[in-house]
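Written below as structure tokens is the structure these notes are about.
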Amino acid sequence: MSVRRVLKMGDPILFKVAEPVRDFDSPGLQALITDMFDTMAALSGAGLAAPQIGVSQRVVIFGVEANPRYPDAEPVPTTVLINPVIEFLTQHSEEGWEGCLSVPGMRGLVNRCTHLRYTGFDQHGAPIAREAHGFHARVVQHECDHLDGILYPMRLKDMRLFGYEDTLFPEM
Ligand code: NI
């Protein structure tokens, strides 16, 4: 289908609470998901939320195999997750560097829960229920935040640990 333009931080659509999907298996939903995968692949992203391409619906995709943006990341299954719900399974959290296609060229250190369960639906309306740890759990939290109008810089605890990736990580 097509690689779509990714909205950047500052666009008000990114700060809206997205609407639940009610009609699964609609051609519009399938086209949206195809465009999201094309866009994520073109930009080597680990995940993408529909609001990032201007569609304020509760649809996220993610998946990591070998990703040049995340060379040390463990694999995350390629997933379409619609109307997601996250349940935290631990109080424990850890800090990790995050980036976002809507905040290009930057990274920030964000604290995230390390163990959670997520539920939701795939693109055909079939239920999904999984537990996730570590990087997988981080990606899910980051993408689902987009559906509530939250970008990772809004979760930074220390602005000194937010900056340009070519300066923070000159070796990359
Ligand atoms: Ni993002």
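The values are calculated or read from the model by the stated rules, or taken from the named source; none is laboratory data. As the structure is a computational prediction, the values presented were derived from the model and not from experiment. Counting neighbours? That spans all protein chains shown, and the Cβs are built from the backbone with ideal geometry, glycine included. The accessibility values were calculated without ligands, DNA or RNA, using every heavy atom of the protein model including side chains. Shrake-Rupley method; radii C 1.70, N 1.55, O 1.52, S 1.80 Å.
At a glance:
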item: Amide H within-cut-off set for Met106, under 5 Å, with H built and near neighbours excluded; result: Cys100, Glu165
item: Within the accessible area of the range 37-152 (1.4 Å probe), percent carbon and sulfur; result: 52
item: Crossing angle, helix 134-147 versus the chain [Cα axis fit, 0-90 degrees, rounded to tens]; result: 60
item: Thr119 paired with Thr34, simple spin-label distance in nm, labels 7 Å along Cα-to-beta-carbon; result: 3.2
item: Inter-label distance for His92 and Phe169, nm, one decimal - labels placed 7 Å from Cα along Cα-to-Cβ; result: 2.4
item: Solvent exposure ordering (accessible area, 1.4 Å, most first) of Met36, Met154, Met1; result: Met1, Met154, Met36
item: Mean separation of Cα contacts under 8 Å, 6 or more apart, over the residue count of the chain: relative contact order %; result: 24
item: Normalised convex hull volume, the range 1-134, alpha-carbon set, Å³ per residue; result: 113
item: Filtered GluC sites (Glu not before Pro), the range 21-108: DSSP coil and at most 12 other beta carbons within 10 Å; result: Glu65
item: Cα→Cβ-extended label distance, 7 Å offset, between Val17 and Glu74, nm; result: 3.3
